[in-house]
Amino acid sequence: MRIVVLTGGIGGARFLVGVRAHARSIGADVTAIVNVGDDVRMHGLQICPDLDSVMYTLGGAADPERGWGRVGETWVVKEELAKYGVEPSWFGLGDSDTATHLVRTTMLNAGYPLSAVTAALCERWQPGITMLPATDDRLETHVVVDVDGERKAIHFQEWWVRHRGEVPTHNFVFRGADAAKPAAGVLDAIAGADVVLVAPSNPVVSIAPILAVPALREAVTAGPAPVVGVSPIIGGSPVRGMADKCLATLEVEVSAGGVGRMYGPRAEGGLLDAWLVDTSDEGAEVPGVRTRAVPLWMRDEAATARMVADALELAR
Ligand code: FO1
């Protein structure tokens, strides 16, 4: 069986630990199609937060509290940059993490596509799944905000890290999406999938930028495989992160039903065939989408693996 997962970073990485565990138990293989909208060039380095969160988490090197970056990280480079008065000083550039950015930037500058760079980095980390960026082209999430009395689009990282989303926010724009092509291997993975899972990632800034790649969205919604989503909202609030702020900006109800309805039924041009919600959201209304309530708290690998089994059950 071939499982494809559309995923963001922190929550998606935890979900993928369960997908990998369940896949191993049934002899299935897994391909994660990872959001690149968070990617940013900082201090001359290309940083890919969601790809790195997935790679480090599945490689056993992620800091479990932060959810991003490396466990046991040090920050000498960051401190030295600050001493030079170099901006941005608000972004946490870890020393070990910097080696990843240096390898990636060097390979990109040599002309390798991001998908090849990701495969090369995974040689070291052995995540146990195939990891593909949604696109090898430039695609960046920018956020339209009111800051210092003016309305402007800032990079997602500035919104997320510098402002913590605490500024008047009007829209999310996926720069470059219209011209972006699916990365090498993405269309084959989707075409060959027995099931496509939508991870419980932020629907607005993690899943939407993946589906903003036109041919990718088309391949998923017109493809043979059932699409099963897992709600990132439990009991009216996100498990972590700022999905509530993002959904509110788009005036989408912050609930399992609201997100399910936003993704929409595939039969009507939407994304989903089925939708998993937490037991506390039993009865969530998503017209046209088979919905089932199961425990969705990813307490540990076994709990997450059970969710994945439930999702595959619902796909049948
Ligand atoms: N998140 C923060 O809240 N503060 C940081 O300083 C920070 C630095 C950082 C560096 C590399 C990286 O891969 C991720 C980093 N993140 C940081 C997380 C990142 O902003 C978010 O994880 C994603 O972009 C949103 O999912």
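Quick notes
- FRET efficiency for Tyr84 and Ser25, using Cβ-Cβ distance with R0 set to 45 Å, rounded to 0.05: 0.30
- A Cβ-based charge dipole, computed about the Cα centre of the range 23-171 with Lys and Arg at +1 and Asp and Glu at -1, lands at about 180 debye.
- Long-range amide H partners of Ala62 with built H, under 5 Å: Thr57, Val71
- Between 0 and 90 degrees, the angle of helix 49-58 with respect to the longest Cα principal axis of the chain falls at about 70 degrees.
- Equivalent-ellipsoid semi-axes of the range 21-159, from the Cα gyration tensor, Å, largest first: 28, 18, 15
- A simple packing score, the average count of other Cβ atoms within 10 Å per residue, orders the peptides 9-16, 297-304, 46-53, 231-238 as 9-16, 46-53, 231-238, 297-304, with the highest score first.
- Nearest-20 debye value, the chain charge dipole, Cβ charges on Lys, Arg, Asp, Glu: 400 debye
- Alpha-carbon spread of the range 201-299, three principal axes, descending order, Å: 33, 26, 26
- Derived scalar couplings between HN and Hα for the range 300-316 equal 7, 4, 5, 5, 5, 4, 5, 4, 5, 4, 4, 5, 5, 4, 5, 6, 5 Hz in order, rounded to whole Hz, by the Karplus curve 6.51 cos²θ - 1.76 cosθ + 1.60 (θ = phi - 60°), x for Gly and Pro.
- For the range 121-149, no residue has its backbone nitrogen under 12 Å from a point 7 Å from the Cα of Arg66, taken along Cα to Cβ.
- Rounded to the nearest whole Hz, the Karplus-based 3J(HN,Hα) values (6.51 cos²θ - 1.76 cosθ + 1.60, θ = phi - 60°) of the range 180-188 follow the sequence 6, 10, x, 5, 3, x, 5, 5, 5, with x at glycine and proline.
- Estimated at 0.36 nm per residue, the fully extended path between Trp297 and Glu313 surpasses their Cα-Cα distance by 4.0 nm.
- When its C-alpha radius of gyration is set against 2.2 N^0.38 Å (N residues), the range 145-247 gives a value of 1.25.
- Out of every Cα-Cα pair that the chain contains, those further apart than 31 angstrom amount to 26 percent.
- Estimated FRET transfer efficiency when R0 is 22 angstrom, pair Ala110-Met42 (beta carbons, to 0.05): 0.65
Every number in this text was worked out from the coordinates using simple rules, so none of it is lab data. Computed from a prediction, not measured in an experiment: that's the story for all the values here. In this analysis, Cβ positions are derived from the backbone assuming ideal geometry, glycine residues included, and neighbour counts consider all displayed protein chains.
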